[in-house]
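The structure under discussion appears below in the form of structure tokens.
The values are calculated or read from the model by the stated rules, or taken from the named source; none is laboratory data. Just so you know, these numbers come straight off a predicted model, no measurement behind them. Reconstructed Cβ throughout: ideal geometry from the backbone, glycine too, with neighbour counts over all protein chains shown.
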Amino acid sequence: MLLRDADASNGAVPLRIPADWAEATPDWFAAALAESCPGAVIEDAILVARDDGTNRRARFDLTYAAGSGPGRVFLKAEGVHRAIHARNGNLFNEADLFASGVPIPVDHPQAFKVIIDRPGLDYLILMEDVTRRGGDPRDSTRPMTVEQVASGLRGLARLHSRYWGFSAATEPRLAWVQTWAPTQGFQSGLRTYTPRGLERGASRLPAAVTAHDGDGHVDLWARYVAMLDRGPVTLLHADAHIGNTYVLPGDDVGFLDWQVARRGSWSQDVGYFLTGSLTVEDRRRAEVDLVNEYLTALDVPDRPARDEAWLHYRASAAYGLTIWLSTLGTDGYQSREVALTLAERYAAAFVDLDTEAALATLEISGIGHSRH
């Protein structure tokens, strides 16, 4: 499959996306790294790990006959769910973001090369392996400390501040970014799998959650997402759950997997990250201070008022709960324990924060102004 559209080097000779990792030869890597590491000659490229599941992922160790470059790299390409990702509007977002070259002022993997094949519904990103910098990838079975979450929120505040109020006119390299909307394409998968997730988690979910059927939860999700185009909008990671994070030495937090990137309200990133990254007990104890930490770090002239921000945060659990009930209802996306643990965390927040009431208040009050 040939590169037909764009890559991070802006005009380099197109490279093929390897159909099999055996095609990622020393010569292929030398061409892929030519812009980032000029003069590098790859002596050997050894496949050290692969995971061809939701995406095709591989790690290679590289040695150099001349010049220098990364000793280990991470490759990510589209996998078996390309039709689903295309339907959700997520297929090319991460590749387009890294190919755009825009600054991303929160820790993230450095991309050395991006190849995009739109007709083939495929892409490849050649990036650093963040574990070489001491990055410790997390998931729900290894929650963060309150201070680590505070660090992640400060990082999200930097990202949001940089793109606060952006549009295609102010950031033409991000003209492709979709504004959050509860599209039928996104909802269709949620409506398929959320009922099964409710069945699988029934014994560990509160009655206020199981009182809704699958469609009821997706309806709540859609109502929340429908408000995310209200101003001010910004650039969102939009999939900032703990499984897409890593913790660096010193407790700085970085974000992986930018495939859902959207334009929308800050609360979706903040609520999704904060609620899922802490134990329920730590979240209950620290969430007020953590939301204030984010607001304090937000360097914008029209910072949301604390009461208004808290209302948006309360409503945000409607997003994470449905996403992880749906994920719990699938097979192969995440382990059962990872998905159930996250569903429990968002479910507890849904009850503790009276998310339904917050959502209704926002809808009635019309807080924020819709910007299209």
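Observations
- Applying a threshold of 8 Å to beta carbon distances and a minimum spacing of six or more residues, or different chains, the list of pairs starting in the range 213-226 at a residue that is closer than 12 Å to Glu363 by Cβ and ending at one that is among the aliphatic types (A, V, I, L, M) and not in a helix (DSSP H, G or I) reads Ala226/Ala181.
- Any hit, the range 190-213, residues being in the same structural domain as Ser277 (by TED's automatic domain parsing), surrounded by 14 or more Cβ atoms within 10 Å (Cβ to Cβ), out of contact with any strand residue (DSSP E or B) (no Cβ under 6 Å at 6 or more places or on another chain) and among the aromatic types (Phe, Trp, Tyr): yes
- Restricting the range 46-93 to residues that are in a helix (DSSP H, G or I) and either of a type in the set (A, V, I, L, M) or modelled with pLDDT under 95 (or both), the residue that is farthest from Gln187 (Cα to Cα): Arg82
- Any hit, the range 158-177, residues being modelled with pLDDT under 95 and touching a Lys or Arg at 6+ places or on another chain (Cβ under 6 Å): no
- Residue, nearest to Ser265 (Cα to Cα), within the range 187-241, restricted to residues that are part of a helix (DSSP H, G or I) and of a type in the set (Asp, Glu): Asp219
- Meets criteria (under 18 Å from the mean Cα position of the chain (by Cα) and without any contact (Cβ under 8 Å) to a residue 60 or more places away in the chain) for Ala305: no
- Take the conditions (1) surrounded by fewer than 21 Cβ atoms within 10 Å (Cβ to Cβ); (2) part of a helix (DSSP H, G or I); Thr275 misses just one of them, which is (1).
- Test: residue in the range 312-327 that is surrounded by 16 or more Cβ atoms within 10 Å (Cβ to Cβ), assigned by TED's automatic domain parsing to the domain that holds Gln187 and over 17 Å from Trp221 (Cβ atoms): no
- Conditions (1) small (Gly, Ala, Ser); (2) on the phi > 0 side of the Ramachandran plot; (3) within 14 Å of the chain's Cα centre (by Cα); number of the one not met by Gly250: (3)
- Test result for Thr245, over 29 Å from Ile364 (Cβ atoms), among the hydroxyl-bearing types (Ser, Thr, Tyr) and crowded, with 23+ Cβ neighbours inside 10 Å: yes
- Of note, Ala339 does not satisfy the criterion of being assigned to a helix (DSSP H, G or I) and either under 25 Å from Val291 (Cβ atoms) or not assigned by TED's automatic domain parsing to the domain that holds Ile242 (or both).
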